[in-house]
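Report on one structure; see the data block that follows.
The values are calculated or read from the model by the stated rules, or taken from the named source; none is laboratory data. Bear in mind that the values here come from a model prediction, so they are computed numbers and not experimental data. Methodologically, a virtual Cβ is constructed for each residue, glycine included, from the backbone with ideal geometry; neighbour enumeration extends over all protein chains shown. Surface areas here come from the heavy atoms of the whole protein model, side chains and all, with no ligands, DNA or RNA. Shrake-Rupley method; radii C 1.70, N 1.55, O 1.52, S 1.80 Å.
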Amino acid sequence: MKAPAAPRHYLQFKDLSRGEYEHLFARTRWIKEKFKRYERYWPLEDRTLAMIFEKPSTRTRLSFEAGMHQLGGTAIYLYTRDTQLGRGEPVEDAGQVISRMCDIVMIRTFEQEIIERFAANSRVPVINGLTNEYHPCQVLADVYTYVEHRGPIKGKTVAWIGDSNNVCNTWLQAAAVFDFNVHVSTPPGYEVEPERAGVYNDDNYESFADPIEAARGADLVTTDVWTSMGFEAENEERKRDFEDWQVDGEMMRAAKKDALFMHCLPAHRGEEVDGAVIDGPQSVVWDEAENRLHTQKALMEFLLLGKVTKGKKKKAKR
Ligand code: CP
Ligand code: NVA
């Protein structure tokens, strides 16, 4: 059987162009509005999403699974421990097999290299649902949420406080795509590694030793857990090292008066963020979480059907 044309994947933020993001944002608005009005939109009827998780999840699983159902399709959840992948089946073989049975695949795993090997053997689009290096679906929702609240992000300043982890790396890529600035402050020893982040110049980011200085004048202040999944052995050491990198009232006061606060969640109040900030008036974390659903629906529509306008869909052939 002749293999179909190479699919588009979404493995890191820079896999899509700014123009494609503008399209996704327009589609997100349209899809979200229809969803809020209980108007059926089923462009992905008869399509199946496989979701492969090697790490736990609440938001990513729920938003992809609910999103696929709401678009008329079906989603299948696989925890690797319960599959042959967990018993050493090569990821290349899994890519070949799973992509002959499903129309789109979402994977949450450890090293980025794993998802790249899967994608290289997949006949269908593969979406990164978080790796050690990147979390593109998160920052897709985050940038959309910023734009929804404040308008274009171009030229704005985002303060990243804490670990230079997968979400931080993705913000750095997003800054290059949308042309905004990221002010990063990490404890010593946890600095950004540009190659790992996939950014090859510092045109769109600057590092600050003092988190208050990173937050100064920012339009958005954001952070994430001190210890990401897979790094639990470092938890106690990290708690000591990150003590001064908590987003609190003082940090928010250094930012612009109308600055927003975001956190990808789950959050640890009293560690990376003070409860008064995450539960305070500048926080948009619930909108941010909800927008995972709407932006990913637009993403799946785009990867499967291309640039859909209004409710029209192109004819597809497996
Ligand atoms: N933000 C995020 O990806 O959350 P989950 O780990 O719950 O999916
Ligand atoms: N940086 C965190 C994000 C969780 C959604 C982690 O990788 O655990």
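Against the criterion of being closer than 27 Å to Val167 by Cβ, open to solvent by 80 Å² or more (accessible area, probe 1.4 Å) and β-branched (Val, Ile, Thr), Thr58 qualifies. In the stretch 14-34, the residues that are over 14 Å from Val143 (Cβ atoms) form Cβ pairs under 6 Å with partners that are of a type in the set (Lys, Arg), at six or more places apart or across chains, as follows: Ile31/Lys297. When the residues of the stretch 42-55 are filtered to those that are surrounded by 16 or more Cβ atoms within 10 Å (Cβ to Cβ) and more than 14 Å from ligand 1 (Cβ to nearest atom), the one that is nearest to Val97 (Cα to Cα) is Ala50. Put simply, of Asn169, Asn181 the only residue that is in contact (Cβ under 8 Å) with a residue 12 or more places away in the chain, within 19 Å of the chain's Cα centre (by Cα) and more than 16 Å from ligand 2 (Cβ to nearest atom) is Asn181. Taking Glu65 as the residue in question, decide whether it is open to solvent by 10 Å² or more (accessible area, probe 1.4 Å), within 15 Å of ligand 1 (Cβ to nearest atom) and either in a helix (DSSP H, G or I) or under 15 Å from Leu304 (Cα atoms) (or both). The answer is yes for Glu65. Out of curiosity, is Asp248 touching an Asp or Glu at 6+ places or on another chain (Cβ under 6 Å), more than 24 Å from Leu16 (Cα to Cα) and of a type in the set (D, E, K, R)? It is true that Asp248 is touching an Asp or Glu at 6+ places or on another chain (Cβ under 6 Å), more than 24 Å from Leu16 (Cα to Cα) and of a type in the set (D, E, K, R). His263 falls short on exactly one of the conditions (1) in contact (Cβ under 8 Å) with a residue 60 or more places away in the chain; (2) open to solvent by less than 20 Å² (accessible area, probe 1.4 Å); (3) within 16 Å of ligand 2 (Cβ to nearest atom), and that condition is (1). Whether any residue in the stretch 243-260 is within 12 Å of ligand 2 (Cβ to nearest atom) and surrounded by 19 or more Cβ atoms within 10 Å (Cβ to Cβ) is what I want to check. Looking through the stretch 243-260, none of the residues is within 12 Å of ligand 2 (Cβ to nearest atom) and surrounded by 19 or more Cβ atoms within 10 Å (Cβ to Cβ).
So that you can scan it fast, the table gives a plain yes or no per residue for (1) open to solvent by less than 60 Å² (accessible area, probe 1.4 Å); (2) out of contact with any helix residue (DSSP H, G or I) (no Cβ under 8 Å at 6 or more places or on another chain); (3) touching a residue at least 40 places away in the same chain (Cβ under 8 Å); (4) within 16 Å of ligand 2 (Cβ to nearest atom):
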site	(1), (2), (3), (4)
Met106	yes, no, yes, yes
Phe110	no, yes, yes, yes
Arg117	no, no, no, no
Glu133	yes, no, yes, yes
Leu140	yes, no, yes, yes
Thr145	yes, no, yes, yes
Gly162	yes, no, yes, yes
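Could you tell me whether any residue of the stretch 277-293 is loosely packed, with under 12 Cβ neighbours inside 10 Å, in contact with a helix residue (DSSP H, G or I) (Cβ under 8 Å, 6 or more places away or on another chain) and not in a helix (DSSP H, G or I)? Scanning the stretch 277-293, I find no residue that is loosely packed, with under 12 Cβ neighbours inside 10 Å, in contact with a helix residue (DSSP H, G or I) (Cβ under 8 Å, 6 or more places away or on another chain) and not in a helix (DSSP H, G or I), so the answer is no.
Looking at Glu193, Glu234, Glu272, which is the one that is within 16 Å of ligand 2 (Cβ to nearest atom), closer than 20 Å to Asp142 by Cβ and either free of Cβ contacts under 8 Å to residues at least 12 places away in the same chain or charged (D, E, K, R) (or both)?
Exactly one of Glu193, Glu234, Glu272 is within 16 Å of ligand 2 (Cβ to nearest atom), closer than 20 Å to Asp142 by Cβ and either free of Cβ contacts under 8 Å to residues at least 12 places away in the same chain or charged (D, E, K, R) (or both), namely Glu272.
Do we have Met229 as open to solvent by 30 Å² or more (accessible area, probe 1.4 Å), within 13 Å of ligand 2 (Cβ to nearest atom) and aliphatic (A, V, I, L, M) here? The answer is yes for Met229.
Of all residues in the stretch 7-58, those that are within 26 Å of Leu85 (Cβ to Cβ) and in a helix (DSSP H, G or I) total 2. Taken together, the residues in the stretch 237-247 that are out of contact with any helix residue (DSSP H, G or I) (no Cβ under 6 Å at 6 or more places or on another chain), touching a residue at least 12 places away in the same chain (Cβ under 8 Å) and outside any helix (DSSP H, G or I) amount to 3.
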